[in-house]
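Colleague: Handing you this structure, nothing more for now.
The values are calculated or read from the model by the stated rules, or taken from the named source; none is laboratory data. These figures come from a predicted structure and were not determined experimentally. Heads up, the Cβs are rebuilt from the backbone with ideal geometry, glycines too, and the neighbour counts pull from every protein chain shown.
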Amino acid sequence: MKKFLLALSLLSLTGTAVSADVLSDRKALMKERGQLTGALSKVVKGEEAFDAAAVLATLQAMQDNGARLDIDALYPEGSNSGDTTAAPAIWEDPDGFKAAEKTFQDAVEVAVADAPTDLDGLKAKFGPIGASCGACHQTFRIRKD
């Protein structure tokens, strides 16, 4: 019985640690995504010069970021508390959240497949990427002021 209780206690501690890691992992991915989006936004706004190779590298990094965002693994039941801006809608409508993520990933995939060669091309490709981020934030993110 003591071994069972010890194992149960260890399992409980492991579950807490995994939850904390899940929270840290998803926050890191979203922070990275925000930085990548911000870098492209500066180019779109004319704050940074257009460089086709740098833009493509950023888009490819966004694509990699999307590939690493495993919603089932990073947003498990019970990971909706603590220091997070993840909205309850993620767990209430997981299919909607997955669809929103797919919209982002599809927009990035299109941009990578037909990489922008000039600023106008980037603006055309960045529009759907930015729109997908904004739409997801409206429903699936809690805004902290």
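Colleague: Return yes or no: is PRO94 under 17 Å from the mean Cα position of the chain (by Cα) and more than 16 Å from MET30 (Cα to Cα)?
Modeller: Yes, satisfied.
Colleague: Let me ask you something else. Tell me whether segment 108-121 contains one or more residues that are buried (at least 16 other Cβ atoms within 10 Å of the Cβ), in contact (Cβ under 8 Å) with a residue 12 or more places away in the chain and in contact with a Ser or Thr (Cβ under 9 Å, 6 or more places away or on another chain).
Modeller: Within segment 108-121, one or more residues are buried (at least 16 other Cβ atoms within 10 Å of the Cβ), in contact (Cβ under 8 Å) with a residue 12 or more places away in the chain and in contact with a Ser or Thr (Cβ under 9 Å, 6 or more places away or on another chain).
Colleague: Inside segment 63-76, can you point out the residues that are out of contact with any Asp or Glu (no Cβ under 9 Å at 6 or more places or on another chain) and buried (at least 17 other Cβ atoms within 10 Å of the Cβ)?
Modeller: Within segment 63-76, just TYR75 meets the criteria.
Colleague: Which of the following residues is at pLDDT 95 or above and part of a helix (DSSP H, G or I): VAL18, VAL22, VAL43?
Modeller: Every option except VAL43 fails the conditions.
Colleague: If you go through segment 113-145, how many residues are part of a helix (DSSP H, G or I) and either touching a strand residue (DSSP E or B) at 6+ places or on another chain (Cβ under 9 Å) or among the hydroxyl-bearing types (Ser, Thr, Tyr) (or both)?
Modeller: Adding up the residues that qualify gives 3.
Colleague: I've got another one for you. Using the structure shown, decide if LYS98 is buried (at least 17 other Cβ atoms within 10 Å of the Cβ), part of a helix (DSSP H, G or I) and at pLDDT 95 or above.
Modeller: Here the answer is no, as LYS98 does not meet what is asked.
Colleague: OK, next. For segment 123-143, what are the residues that are touching a helix residue (DSSP H, G or I) at 6+ places or on another chain (Cβ under 6 Å) and either among the aliphatic types (A, V, I, L, M) or modelled with pLDDT under 95 (or both)?
Modeller: ILE129
Colleague: Does ALA86 meet the test of being touching a residue at least 24 places away in the same chain (Cβ under 8 Å), more than 19 Å from GLY38 (Cβ to Cβ), in contact with a strand residue (DSSP E or B) (Cβ under 8 Å, 6 or more places away or on another chain) and not acidic (Asp, Glu)?
Modeller: So ALA86 passes the test.
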